[in-house]
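The next block holds one structure in the form of structure tokens; read it before the comments.
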Amino acid sequence: MKKAVSKWRSAAKSKVRRFAEFGGIREQPLNQYQSSVKKLYDGPQGAVLKFSSILSLHEPLMGQLFKSGRFDSSRFDRILDVGSGAGQIIRHLLQTAQPDAEIVGFDLSAEMLRRARERLDSDRPFFVAADMMQMPFRDNSFDCVTCGYVLEHIPDPLPGLSEFARVLKPGGVALLLVTEDSISGLLTSHTWKCRTFSRGELRDACDRVGLEWDRELWFTRFHEVMKMGGILVEVVKR
Ligand SMILES: C[S@@+](CC[C@H](N)C(=O)[O-])C[C@H]1O[C@@H](n2cnc3c(N)ncnc32)[C@H](O)[C@@H]1O
């Protein structure tokens, strides 16, 4: 009985969320939706992303996570940052990864990568523009994938997550940060034309592609209590 009630509650919650979040991601054909995402990030909204990530505290909090060693990037030799945007995560990787670790930035928008390159002012990262659902990298070629606020830009996360699983070496780690189905997440979904995730849904999708949910992380106690700031999780390729 308890199980049936909880199943009913989560189905009802998911219906409400679908109604409240940005619907275009599911209503438009994939290629049409993706060109609107590319246009959004290529344009003025993408140009101010570097400022909004600082104002929303996302970028500084991510920096603390890396610098405190709560996510230890110094254990990796080859790191792929998917959906690099304005270089919000790469910036911290450059400071915390081993000096000889290879760092690859990847994004659908070549314009965002141009902005990241300009902002980071480092010739160390290597940048590639393409779609995360079809990444031009060999199987088992990275020991870490970082991906902040990107998976919500594909209607079904499985093609993206299975690419992460494919390019990761066995035992490799992915750090995922994803918009949650909270009130703040629903607002984000309309601002950035994306979907949201429940923790159960994301965990399930990771399981299905062989990415084991290792540990949930929190930027701050406020993040943990208010669920503002998204789902932050470290997953491991089995
Ligand atoms: C909100 S920004 C995230 C930037 C950065 N990772 C961060 O943590 O702030 C989302 C980025 O994902 C990129 N993106 C969206 N869909 C993508 C896809 N299918 N493949 C690769 N990148 C994608 C966008 O171009 C944009 O630069």
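The values are calculated or read from the model by the stated rules, or taken from the named source; none is laboratory data. Keep in mind that this is a model prediction, so the values were computed, not measured. As a convention, Cβ positions derive from the backbone with ideal geometry for all residues, glycine included, and neighbour counts pool all protein chains shown. Surface areas here come from the heavy atoms of the whole protein model, side chains and all, with no ligands, DNA or RNA. Shrake-Rupley method; radii C 1.70, N 1.55, O 1.52, S 1.80 Å.
Side notes on the structure shown:
- The residue that is least open to solvent (accessible area, probe 1.4 Å), counting only those in the range 30-43 that are of a type outside the set (S, T, N, Q) and in contact with an Asp or Glu (Cβ under 8 Å, 6 or more places away or on another chain), is Tyr41.
- Evaluation of Ala11 against (1) surrounded by 12 or more Cβ atoms within 10 Å (Cβ to Cβ); (2) at pLDDT below 95 (one fails), failing number: (1)
- Filtered by the rule that a residue be closer than 15 Å to Met133 by Cα and polar (S, T, N, Q), the range 33-47 gives Gln34, Ser35.
- Residues that are part of a helix (DSSP H, G or I), surrounded by 12 or more Cβ atoms within 10 Å (Cβ to Cβ) and within 11 Å of the ligand (Cβ to nearest atom) occur in the range 17-29; there is at least one.
- Residues that are open to solvent by 20 Å² or more (accessible area, probe 1.4 Å) and within 15 Å of the ligand (Cβ to nearest atom) number at least 1 in the following helices (runs of 4 or more DSSP H) confined to the range 128-238: 158-167, 183-191.
- Residue list for the range 44-75, restricted to those being of a type in the set (A, V, I, L, M, F, W, C) and open to solvent by less than 10 Å² (accessible area, probe 1.4 Å): Met62, Leu65, Phe66, Phe71
- Cβ-Cβ contacts under 6 Å between residues 6 or more apart (or on different chains), taken from a first residue in the range 118-136 that is over 12 Å from Gly160 (Cβ atoms) to a second residue that is aromatic (Phe, Trp, Tyr) and within 13 Å of the ligand (Cβ to nearest atom), are listed as Val128/Phe106.
- Subset of the range 70-93 [within 12 Å of the ligand (Cβ to nearest atom) and not in a loop (DSSP other than H, G, I, E, B)]: Leu80, Asp81, Val82, Ile90, Arg91, His92, Leu93
- Tally, over the range 94-116, of residues that are open to solvent by 40 Å² or more (accessible area, probe 1.4 Å), assigned to a strand (DSSP E or B) and within 29 Å of Gln45 (Cα to Cα): 0
- When Gly185, Gly172 are checked against the criterion of being closer than 18 Å to Cys147 by Cβ, modelled with pLDDT under 95 and of a type outside the set (D, E, K, R), a single residue qualifies: Gly185.
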